[in-house]
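Here is the structure we will look at, set down as structure tokens.
The values are calculated or read from the model by the stated rules, or taken from the named source; none is laboratory data. Only a predicted model underlies this, so the values are computations on that prediction, with no experimental measurement involved. Counting neighbours? That spans all protein chains shown, and the Cβs are built from the backbone with ideal geometry, glycine included. Accessible surface is based on the protein model in full, side chains and every heavy atom, while ligands, DNA and RNA are left aside. Shrake-Rupley method; radii C 1.70, N 1.55, O 1.52, S 1.80 Å.
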Amino acid sequence: MKIKFSKHWKASKQPRKQRKYSANAPLHIKRKLLGVNLTKELRKKYGKRNLPVRKGDTVRVMRGKFKNKQGKIISVDIKNLKLKIDTIMIKKRDGSKVNVKVHPSNLQIIELNIEERKRMKTLNKKDSIEKDKQKNEEKGENKK
């Protein structure tokens, strides 16, 4: 395994190769690894199972010490694949509080930050594709 990163790498069962792929991946690919599950209502609404997380999204922690806590995302660290949430804090020995970094696989998106145009375009694209499919199915039924 001399190559640092390969675009042609498909998959491997070996955890060491999976870790190496994600650790050495360029930032535009690491961004996609920051995908977070959507709630059932959001899945129905947008027709997607998960989305890359963004600053301002409201999430719920599903695993670990802070399970069932909710909060907004303060910062996204693409390089280390970690997120900071405003309500999840830990107390240091000197008494100060610090936000805990959480891995996106342990989270679920409750509410999306839809202020950015780019994100709305991608979500609306999926909606328009689904509407076209439904229209085509209805046309097919009418012909029979």
For segment 54-70, give me each residue that is part of a strand (DSSP E or B) and open to solvent by 50 Å² or more (accessible area, probe 1.4 Å).
Arg60, Gln70
Select from segment 81-103 the residues that are in contact (Cβ under 8 Å) with a residue 12 or more places away in the chain and open to solvent by 90 Å² or more (accessible area, probe 1.4 Å) and list them in ascending order.
Lys101
Anything in segment 108-129 that is open to solvent by 70 Å² or more (accessible area, probe 1.4 Å) and either touching an Asp or Glu at 6+ places or on another chain (Cβ under 6 Å) or at pLDDT below 75 (or both)? List them, or say none.
Lys125, Lys126, Ile129
What do you reckon, is Gly47 out of contact with any strand residue (DSSP E or B) (no Cβ under 8 Å at 6 or more places or on another chain) and more than 27 Å from Asn124 (Cα to Cα)?
no
Residue pairs, Cβ under 7 Å, 6 or more apart or interchain, first in segment 35-49 and within 28 Å of Asn80 (Cβ to Cβ), second open to solvent by less than 10 Å² (accessible area, probe 1.4 Å) and assigned to a loop (DSSP other than H, G, I, E, B). List them.
Val36/Val53
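For segment 42-50, does any single residue satisfy the condition of being of a type outside the set (Val, Ile, Thr), at pLDDT 95 or above and assigned to a strand (DSSP E or B)?
No, because not a single residue in segment 42-50 is of a type outside the set (Val, Ile, Thr), at pLDDT 95 or above and assigned to a strand (DSSP E or B).
Among the candidates Lys20, Lys32, Lys10, which residue alone is part of a loop (DSSP other than H, G, I, E, B), open to solvent by 40 Å² or more (accessible area, probe 1.4 Å) and either over 15 Å from Gln108 (Cβ atoms) or touching a Leu at 6+ places or on another chain (Cβ under 7 Å) (or both)? Break it down stepwise before answering.
Values: Lys20 fails: part of a loop (DSSP other than H, G, I, E, B); Lys32 fails: part of a loop (DSSP other than H, G, I, E, B).
That would be Lys10, the only listed residue that is part of a loop (DSSP other than H, G, I, E, B), open to solvent by 40 Å² or more (accessible area, probe 1.4 Å) and either over 15 Å from Gln108 (Cβ atoms) or touching a Leu at 6+ places or on another chain (Cβ under 7 Å) (or both).
Can you find a residue that is over 14 Å from the mean Cα position of the chain (by Cα), crowded, with 17+ Cβ neighbours inside 10 Å and at pLDDT 95 or above anywhere in segment 71-80?
Looking only at segment 71-80, we keep the residues that are over 14 Å from the mean Cα position of the chain (by Cα), and these are 71, 74, 79-80.
Now restrict to residues that are crowded, with 17+ Cβ neighbours inside 10 Å: 71.
Remaining after also requiring at pLDDT 95 or above: 71.
Yes - at least one qualifying residue is present in segment 71-80.
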